[in-house]
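Enquirer: Next up is a structure, given as structure tokens.
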Amino acid sequence: MKTVLMVAEKPSLAQSIAKILSRGSMSSHKGLNGTCSVHEYTGTFAGQPVRFKMTSVCGHVMTLDFLGKYNKWDKVDPAELFSQAPTEKKEANPKLNMVKFLQVEGKGCDYIVLWLDCDKEGENICFEVLDAVLPVMNPAHGSEKTVFRARFSSITDTDICNAMAHLGEPDHNEALSVDARQELDLRIGCAFTRFQTKYFQGKYGDLDSSLISFGPCQTPTLGFCVERHDKIQSFKPETYWVLQAKVNTDKDRSLLLDWDRVRVFDREIAQMFLNMTKMEKEAQVEATSQKEKAKQRPLALNTVEMLRVASSSLGMGPQHAMQTAERLYTQGYISYPRTETTHYPENFDLKGLLRQQANHPYWADTVKQLLSEGINRPRKGHDAGDHPPITPMRSATEAELGGEAWWLYEYITRHFIATVSYDCKYLQSTISFRIGPEHFTCTGKTVISPGFTEIMPWQSIPLEESLPTCQRGDTFPVGEMKMLEKQTSPPDYLTEAELITLMEKHGIGTDASIPVHINNICQRNYVVVESGRRLKPTNLGIVLVHGYYKIDAELVLPTIRSAVEKQLNLIAQGKADYRQVLGHTLDVFKRKFHYFVDSIAGMDELMEVSFSPLAATGKPLSRCGKCHRFMKYIQAKPSRLHCSHCDETYTLPQNGTIKLYKELRCPLDDFELVLWSSGSRGKSYPLCPYCYNHPPFRDMKKGMGCNECTHPTCQHSLSMLGIGQCVECENGVLVLDPTSGPKWKMACNKCNVVAHCFENAHRVRVSSETCSSCEAALLDVDFNKAKSPLPGDETQHTGCVFCDPVFQELVELKHAASCHPMHRNGPGRRQGRGRARGRRPAGKPNARRPKDKMSALAAYFV
């Protein structure tokens, strides 16, 4: 029997599709990476009985990156990244072992059906999967077709079965357009980012951003926000005057009239008009009119409109809204949420979707009325040729979804019902008055038929007082006539919804990437999100954009990126050559980069005004090993130490606290050690600022603290404080934290495993002796006499933390990283190479992993 491998984009999606196609009769098991499941069932394919294997990836299998030295900021001139630097595809998430997993599942299979998301990114992932699987599949017989592509827009029985019955082929051109975008963003973004980050962080201490990033889409996005900021700052309010008249229609009612001139900007002129009218006692009706008008029902929902409404009305940021929508899609509640289309296909089952909502407690009456009276033909929108508009695929309640997922689902459903409802019709009445020589108007609206506003009440016509019945020549007494002084007001900061509109208008990003670009400028501290989800640029964001304008406006204007997006779309359509587009675009940006580097002084002049130099920032903390003067600790991101005398800057570990470590010094360079800590519940370790930036030994890398230092005799090094191989990760070593007493702990120097032990012990020391069973270092522990676990009055004990029965009961594992099944060897024992401390040869072939109690603890936390 032949085998068909089917691959979806997410594990939950694979399960849903397999359940539909197998009609529930399938067997499931976890794959070797512990994340993706494999669902198996039998059926027919191409007219023959086959065994189906449905599994998934977790987004992109591969990612693009530079090779070797080109990943090191200090080794390469950023200009080389445009053309000379070679790139490679590497696993997007090495921990998932996705390539190996796909090869194991694909080995011996005869056909493959790709169920990846039906957009450009999905097409690209198709070919990533094929690159991994095709080499291990059974060879095709002659011209037999073995690769198939399923195209679908929702997780419903009808759509999935229809996709399986009409399989196509993956689109190589769309995949190439994604490859082009990835390479352009990598090369251009990295070159500019590396240069400006190193240049400005080397000069200023209060930028408060760990990365001064540039992105071909991200930077124009920031530009829109700063452009609005500049308009606000340069706005000069002007005083103007208006006439306001009030007429009495009866004893208890009056009408406020609008001046036909609207406003004047000269006080004397306004006063003249007031003088001409204030003595008048009556207002005469000049004309009356009534006109029936309609407020149109909305177009079908696409991604950009969904993101706009989520931000402006639901208070959800674009990226969070997109993640919520994707979750609703994979659970089968809505159709595919990434689409530019606002037009339903001719064969779209509108009534079928509407019937599913007929018993919903919130809108059942509206739906039933539509079904009985007949639905209205939706407005003709834009057909982008991708996916149908976003629609609800099955009914759901607030209790079922809860929170923000329900808010978004409710909006999507109400929007869908509104698209097949009738327009809102209302009567607009207008009365024109004359008071002296001046003309005034009063307008009122009366709803005739609420139409779609019944289901979207926030769109309803506001209730207004009805106007009096009158005709030309009627008069009403003037109750009040006055002149009001007002001022023009500046525009407000852009909302996320307004920014999304601008990005769509100028072709910056795609419906899928727009939320990412907005999130990036927030994460980089270029803008902050204020109340009403308004985006206010920070000093850093403002100075960067002004600097780009000063040097090369095209770096921040949307025009050049919009042109690039058009070229990428031509690649996707097969109308442009991938290599030519890539080469031409990189050449343009390479020239811009060289000009930017040569002109950086222009941006630096703006930086000097807004930020403080390194020497004037921070507070004294530890002594430099070269000049023995105090270095200043700069706490703003990225945290670092700066010696103003030597003019040297030393990077530090991020996302923690830094303090002086007992005024102890490194034996290699005489720098005072500092202690990094992630908090009382996390881990901490000392480090030498110089060694952290300039590794002293060949087996060390930049960014290693004392807990990874291989110095043979230093009391703070791995050699002296290392205990044994981590129970969770392959390469880590559990290291004693000598500062943690009396709540002692050991922490892995690679992963986030922390083992709490020997609470209230007076002293814990790593012995020079090793365990005969597992070769871990023994610990000498001096217990508190009142709380000693030892028999009698004994307080001192030496033993192995992994094997000694006394110690095993005193160790508690925390923050254990999950370990997937392929690394397990039975329920109570975990085998593998041991990791020796400095005094013992590392990677000893016969060394064993810690076992028994710690292994059981690790298995418990998995």
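Enquirer: Among the residues of the stretch 514-540, which ones are over 26 Å from MET603 (Cα atoms), open to solvent by less than 30 Å² (accessible area, probe 1.4 Å) and either assigned to a loop (DSSP other than H, G, I, E, B) or not β-branched (Val, Ile, Thr) (or both)? Spell out the reasoning first.
Expert: Of all residues in the stretch 514-540, those over 26 Å from MET603 (Cα atoms) come to 514-516, 530-534.
Okay, now just the ones that are also open to solvent by less than 30 Å² (accessible area, probe 1.4 Å), so 514-515.
Of everything in the stretch 514-540, just one residue is over 26 Å from MET603 (Cα atoms), open to solvent by less than 30 Å² (accessible area, probe 1.4 Å) and either assigned to a loop (DSSP other than H, G, I, E, B) or not β-branched (Val, Ile, Thr) (or both), namely PRO515.
Enquirer: Return the residue satisfying two criteria in turn: it lies in the stretch 22-35 and is in contact (Cβ under 8 Å) with a residue 40 or more places away in the chain and either assigned to a strand (DSSP E or B) or in contact with a Ser or Thr (Cβ under 7 Å, 6 or more places away or on another chain) (or both), and of such residues it is surrounded by the fewest Cβ atoms within 10 Å (Cβ to Cβ).
Expert: Applying the first criterion (in contact (Cβ under 8 Å) with a residue 40 or more places away in the chain) to the stretch 22-35 yields 30-35.
In the following step, the residues that additionally are either assigned to a strand (DSSP E or B) or in contact with a Ser or Thr (Cβ under 7 Å, 6 or more places away or on another chain) (or both) were identified as 30-31.
Numbers: LYS30: 14, GLY31: 23.
Ranking the qualifying residues of the stretch 22-35, first place goes to LYS30.
Enquirer: Any idea how many residues of the stretch 697-739 are among the polar types (S, T, N, Q), buried (at least 24 other Cβ atoms within 10 Å of the Cβ) and over 23 Å from GLY679 (Cα atoms)?
Expert: The number of residues fulfilling the criteria is 1.
Enquirer: Here are some residues: VAL61, VAL7, VAL38, VAL76. Which one is under 30 Å from GLY583 (Cβ atoms) and buried (at least 20 other Cβ atoms within 10 Å of the Cβ)?
Expert: On the way: VAL7 fails: under 30 Å from GLY583 (Cβ atoms); VAL38 fails: under 30 Å from GLY583 (Cβ atoms); VAL76 fails: buried (at least 20 other Cβ atoms within 10 Å of the Cβ).
VAL61 is the lone residue from the list that is under 30 Å from GLY583 (Cβ atoms) and buried (at least 20 other Cβ atoms within 10 Å of the Cβ).
Enquirer: Just give me the residues in the stretch 660-707 being in contact (Cβ under 8 Å) with a residue 12 or more places away in the chain and aliphatic (A, V, I, L, M), in sequence order.
Expert: Within the stretch 660-707, LEU660, LEU664, LEU668, LEU673, VAL674, LEU675, LEU687, MET704 qualify.
Enquirer: Filter the stretch 337-357 for residues that are modelled with pLDDT of 90 or more and open to solvent by 90 Å² or more (accessible area, probe 1.4 Å) and give the result.
Expert: Answer for the stretch 337-357, where residues must be modelled with pLDDT of 90 or more and open to solvent by 90 Å² or more (accessible area, probe 1.4 Å): LYS351, ARG355.
Enquirer: Can you tell me how many residues within the stretch 71-94 are outside any loop (DSSP other than H, G, I, E, B) and either without any contact (Cβ under 8 Å) to a residue 60 or more places away in the chain or of a type in the set (Asp, Glu) (or both)?
Expert: Within the stretch 71-94, the subset outside any loop (DSSP other than H, G, I, E, B) is 71, 78-82, 87-91, 94.
Checking which are either without any contact (Cβ under 8 Å) to a residue 60 or more places away in the chain or of a type in the set (Asp, Glu) (or both) leaves us with 71, 80, 88-91, 94.
Result for the stretch 71-94: 7.
Enquirer: Tell me the residue from GLY381, GLY402 that is open to solvent by less than 50 Å² (accessible area, probe 1.4 Å) and at pLDDT below 90, please.
Expert: Numbers: GLY381 fails: at pLDDT below 90.
Selected residue: GLY402, the only one of GLY381, GLY402 that is open to solvent by less than 50 Å² (accessible area, probe 1.4 Å) and at pLDDT below 90.
Enquirer: Hey, any hits in the stretch 726-737 for a residue that's in the same structural domain as GLN635 (by the TED database) and assigned to a strand (DSSP E or B)? Steps first, answer last, please.
Expert: Pass one, the stretch 726-737, residues in the same structural domain as GLN635 (by the TED database): none.
Checked the stretch 726-737: no residue is in the same structural domain as GLN635 (by the TED database) and assigned to a strand (DSSP E or B).
Enquirer: Let me ask something else about it. Quick one: in the stretch 103-144, which of the residues that are in a loop (DSSP other than H, G, I, E, B), of a type in the set (A, V, I, L, M) and touching a residue at least 40 places away in the same chain (Cβ under 8 Å) is least open to solvent (accessible area, probe 1.4 Å)?
Expert: So, considering only residues that are in a loop (DSSP other than H, G, I, E, B), of a type in the set (A, V, I, L, M) and touching a residue at least 40 places away in the same chain (Cβ under 8 Å), the one least open to solvent (accessible area, probe 1.4 Å) is LEU116.
Enquirer: Okay, moving on. If I go through the stretch 458-477 residue by residue, how many of them are charged (D, E, K, R) and either more than 60 Å from the chain's Cα centre (by Cα) or open to solvent by less than 50 Å² (accessible area, probe 1.4 Å) (or both)?
Expert: Just the residues of the stretch 458-477 that are charged (D, E, K, R), to begin with: 464-465, 472, 474.
Next, only the ones that are either more than 60 Å from the chain's Cα centre (by Cα) or open to solvent by less than 50 Å² (accessible area, probe 1.4 Å) (or both) stay: 472, 474.
Residues flagged as charged (D, E, K, R) and either more than 60 Å from the chain's Cα centre (by Cα) or open to solvent by less than 50 Å² (accessible area, probe 1.4 Å) (or both) within the stretch 458-477 amount to 2.
Here is a yes/no grid of residues against (1) assigned by the TED database to the domain that holds TYR362; (2) among the polar types (S, T, N, Q); (3) over 18 Å from THR288 (Cα atoms):
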position: GLU398; (1), (2), (3): yes, no, yes
position: GLY402; (1), (2), (3): yes, no, yes
position: ALA405; (1), (2), (3): yes, no, yes
position: THR413; (1), (2), (3): yes, yes, yes
position: SER429; (1), (2), (3): no, yes, no
position: HIS439; (1), (2), (3): no, no, no
position: LEU463; (1), (2), (3): no, no, yes
position: SER466; (1), (2), (3): no, yes, no
position: ASP474; (1), (2), (3): no, no, no
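Enquirer: So, of the residues in the stretch 750-775 that are more than 42 Å from the chain's Cα centre (by Cα) and buried (at least 17 other Cβ atoms within 10 Å of the Cβ), which turns out to be farthest from ASN731 (Cα to Cα)? Break it down stepwise before answering.
Expert: In the first step, residues of the stretch 750-775 are kept if they are more than 42 Å from the chain's Cα centre (by Cα); the result is 760-775.
Of the ones still in play, those that are also buried (at least 17 other Cβ atoms within 10 Å of the Cβ) are 761, 764, 766, 770-771, 774-775.
Values: ALA761: 29, VAL764: 24, VAL766: 20, THR770: 19, CYS771: 20, CYS774: 16, GLU775: 16 Å.
Looking at the filtered set, the residue picked out is ALA761.
Enquirer: For the stretch 541-568, give me each residue that is under 25 Å from the mean Cα position of the chain (by Cα), small (Gly, Ala, Ser) and over 23 Å from VAL581 (Cβ atoms).
Expert: Passing the criteria: only GLY541.
Enquirer: Among the listed residues LYS19, LYS53, LYS100, identify the single one that is under 27 Å from GLU169 (Cβ atoms), under 28 Å from the mean Cα position of the chain (by Cα) and either part of a loop (DSSP other than H, G, I, E, B) or of a type in the set (Lys, Arg) (or both).
Expert: Values: LYS19 fails: under 28 Å from the mean Cα position of the chain (by Cα); LYS53 fails: under 28 Å from the mean Cα position of the chain (by Cα).
So the residue among LYS19, LYS53, LYS100 that is under 27 Å from GLU169 (Cβ atoms), under 28 Å from the mean Cα position of the chain (by Cα) and either part of a loop (DSSP other than H, G, I, E, B) or of a type in the set (Lys, Arg) (or both) is LYS100.
Enquirer: Moving to a separate point now. Are any residues in the stretch 3-20 closer than 20 Å to ASP110 by Cα and out of contact with any helix residue (DSSP H, G or I) (no Cβ under 6 Å at 6 or more places or on another chain), and if so, which ones?
Expert: THR3, VAL4, MET6, ALA14, ALA18, listed by residue number.
Enquirer: Where in the stretch 229-319 are the strands (runs of 3 or more DSSP E), entirely inside, with at least 1 residues that are of a type in the set (Asp, Glu)? Break it down stepwise before answering.
Expert: Working: elements: 239-248, 254-259, 282-295.
Where strands (runs of 3 or more DSSP E) fall fully within the stretch 229-319 and carry at least 1 residues being of a type in the set (Asp, Glu), they are 254-259, 282-295.
Enquirer: Is it fair to say ASP159 is open to solvent by 30 Å² or more (accessible area, probe 1.4 Å), assigned to a helix (DSSP H, G or I) and not assigned by the TED database to the domain that holds LEU114? It would help to see each step written out before you state the result.
Expert: Values: open to solvent by 30 Å² or more (accessible area, probe 1.4 Å): yes; assigned to a helix (DSSP H, G or I): yes; not assigned by the TED database to the domain that holds LEU114: no.
For ASP159, the condition - open to solvent by 30 Å² or more (accessible area, probe 1.4 Å), assigned to a helix (DSSP H, G or I) and not assigned by the TED database to the domain that holds LEU114 - is not met.
Enquirer: Looking only at helices (runs of 4 or more DSSP H) that fall completely inside the stretch 541-633, which ones have 2 or more residues that are open to solvent by 30 Å² or more (accessible area, probe 1.4 Å) and closer than 18 Å to SER209 by Cα? Give the derivation first.
Expert: Working: elements: 558-572, 578-598, 600-610.
Counting at least 2 such residues, we get 600-610.
Enquirer: Here is a further query. Which of the strands (runs of 3 or more DSSP E) found entirely inside the stretch 635-724 contain at least 2 residues meeting this: within 30 Å of ALA776 (Cβ to Cβ)? It would help to see each step written out before you state the result.
Expert: Values: elements: 640-643, 648-651, 657-665, 672-677, 684-687.
Answer list for the stretch 635-724: 657-665, 672-677, 684-687.
The values are calculated or read from the model by the stated rules, or taken from the named source; none is laboratory data. Model, not experiment: these values are computed from the prediction. Neighbour counts run over all protein chains shown; Cβ positions are idealised from the backbone, glycine included. Surface areas here come from the heavy atoms of the whole protein model, side chains and all, with no ligands, DNA or RNA. Shrake-Rupley method; radii C 1.70, N 1.55, O 1.52, S 1.80 Å.
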